[in-house]
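Please treat every number below as a calculation from the coordinates, not as lab data. Bear in mind that the values here come from a model prediction, so they are computed numbers and not experimental data. Virtual Cβ from ideal backbone geometry, glycine too; neighbours counted across all protein chains shown.
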Amino acid sequence: MEMDDITGTVVEEAIRLHRRPGPGLFESVYERLLERRLQRRGLCVESQVGIDFTYDGIEFRDGFRLDLLVEKCVILEVKSLERGLAPVHTRQILTYLRLTNLPIGLLLNFGGATMKEGIKRVVNDLPPDSSPGLRINQKE
């Protein structure tokens, strides 16, 4: 499945999920419901994926957790914020993309009046050799 097909399916299901049951639930509820909907669409979805990484010689076990990882290539960060996404959320998912060396992530905020205002696509365009001191899920 192509990257645009994957992200398109995610956006479709997020919009459907936002319409019913609607905004106001915990992030964990949206995360679980979205996981189930995407699996029903035939996508491989992992939830709460722990990521190990090494930085400056220090090894971090489960240094952070991805809300959802779709087809092992798209990170989904699920939010339920009434006031909308803040710049820190974009930086957070960009950091996740860089640390995992994955190409694309979607921020999905189910807390707004419409889902359209709660979707943000983030792309990792860092060259792969830009952080040689940083190793993810690898043994030295």
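Distance between the modelled labels on ASN101 and LEU25, one decimal in nanometres: 3.6 nm (7 Å Cα→Cβ projection). DSSP beta bridges fully contained in the chain are about 75 percent antiparallel. Sequence-ordered 3J(HN,Hα) estimates for the range 44-49 from the Karplus curve with 6.51, -1.76 and 1.60 and θ = phi - 60° stand at 7, 10, 10, 10, 6, 7 Hz, glycine and proline given as x. Between 0 and 90 degrees, the angle of helix 27-40 with respect to the longest Cα principal axis of the chain falls at about 90 degrees.
Note on the chain: the alpha carbon radius of gyration divided by the globular reference 2.2 N^0.38 Å gives 1.06. For the range 3-136, relative contact order (Cα pairs under 8 Å, six or more residues apart, normalised by length) works out to 24 percent. Explain nothing, just the number: dipole magnitude of the chain about its Cα centre with +1 on each Lys and Arg Cβ and -1 on each Asp and Glu Cβ, in debye rounded to the nearest 20. Dipole magnitude for the chain comes out near 560 debye.
Considering only LEU38, PHE110, GLY24, the residue lying farthest towards the positive end of the dipole of the chain is GLY24, judged by Cα position with unit charges set on Cβ. Springs between Cα atoms under 10 Å define the GNM used for the chain, and in it the highest mean-square fluctuation of ILE51, ILE75, ILE104 occurs at ILE51.
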